[in-house]
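One structure is given here, and the rest of the page talks about it.
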Amino acid sequence: MARTMRVQCRCGGVVMEAEDAPIMSAECLCSSCRTAAEIMEGLPGAPRLREASGGTRMEVYRKDRVRCIKGAENLRAFRLNDRTRTRRAVAVCCNTPVLLDVTVGHWVDLYGVLWPEGALPPLQLRTMAGTLDDPSSLPDDVPNLKTYSASFFFRLMAAWAAMGFRRPALDYVEGELEVNR
């Protein structure tokens, strides 16, 4: 029996539904995620996205298990530059970052800020700690991986195999977010 989780932006204008458990619960410390988080946090009324470590908390799901069930018209894509294959989606109704889509991948990351307090699954790992000036300052509550590990890729590959090696597109994010940089 599938377990369904519903999460939403701050104002409830966008509601996402995720089926079954995430592939993993991670915090990303890569420079792109940290830069994007800083920009998105600067939007009027936006929530704090970065954790105390500076990373962004994400629940990694198979794309075929995530749907926007309300408010897709409020989602706008945000890319750090024109060449990136990674786009983030922000709910413009309240400037809440909703997801990160690696467009050539089979997974989507839902931002941890969407979960009600106390409902976010336990953190399993931090990735890209090697991009920090001082990774020794990170807490040792979970593995702090210097880069993406073999087990990280194994989890993603196992999920992709279970999907029949398909790469569904997220077709409910339309339009671009206007951001002053």
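The values are calculated or read from the model by the stated rules, or taken from the named source; none is laboratory data. Treat the numbers as computed from the prediction; the structure is a model and nothing was measured. No Cβ is skipped: glycine too gets one built from the backbone with ideal geometry, and neighbour counts run over all protein chains shown. These accessible areas exclude ligands, DNA and RNA; they are computed on the full protein's heavy atoms, side chains included. Shrake-Rupley method; radii C 1.70, N 1.55, O 1.52, S 1.80 Å.
The accessible area of Trp107, taken with all protein chains in place and a 1.4 Å probe, comes to roughly 50 Å².
When the charge dipole of segment 90-181 is built from unit charges on Cβ atoms (+1 for Lys and Arg, -1 for Asp and Glu) and taken about the Cα centre, the candidate among Gly130, Ala150, Leu114 whose Cα reaches farthest toward its positive end is Ala150.
How big is the charge dipole of the chain about its Cα centre, in debye rounded to the nearest 20, if each Lys and Arg gets +1 on its Cβ and each Asp and Glu gets -1 on its Cβ?
Charge dipole, the chain, about its Cα centre: 400 debye, nearest 20.
Sorting the Cα pairs of the chain by distance into bins of 10 Å, from 0 upward, gives 9, 39, 39, 12, 0 percent per bin.
Surface analysis of the chain yields an accessible area of 51 Å² per residue, using protein heavy atoms and a 1.4 Å probe. Adding -39500 (n - 2.57) for every DSSP H run of four residues or longer, then dividing by how many residues the chain holds, sets the calculated 222 nm ellipticity at -4000 deg cm²/dmol.
Please list Phe78, Phe165, Phe154 from largest to smallest accessible area, probe radius 1.4 Å, with all protein chains kept in place.
My answer, sorted largest first, is Phe154, Phe165, Phe78.
Cα convex hull, segment 43-122: 125 Å³ per residue, rounded to a whole number. Accessible surface for Tyr172 stands near 40 Å², nearest 10, in the context of the full protein assembly shown (1.4 Å probe). Restricting the calculation to Cα atoms, segment 1-83 yields a radius of gyration followed by a Dmax of 14.0, 41 Å.
Per-residue surface analysis assigns Ile39 an accessible area of about 40 Å², computed on protein heavy atoms at 1.4 Å probe radius. Of Arg62, Arg34, Arg83, the residue with the largest accessible area leads and the full order is Arg83, Arg34, Arg62 (1.4 Å probe). Counting only Cα atoms, the size of segment 118-181 along its three principal axes is 40, 40, 28 Å, in decreasing order. If you take all other residues with their beta carbon under 10 Å from the beta carbon of Val14, and give Lys and Arg +1 and Asp and Glu -1, the sum is +1.
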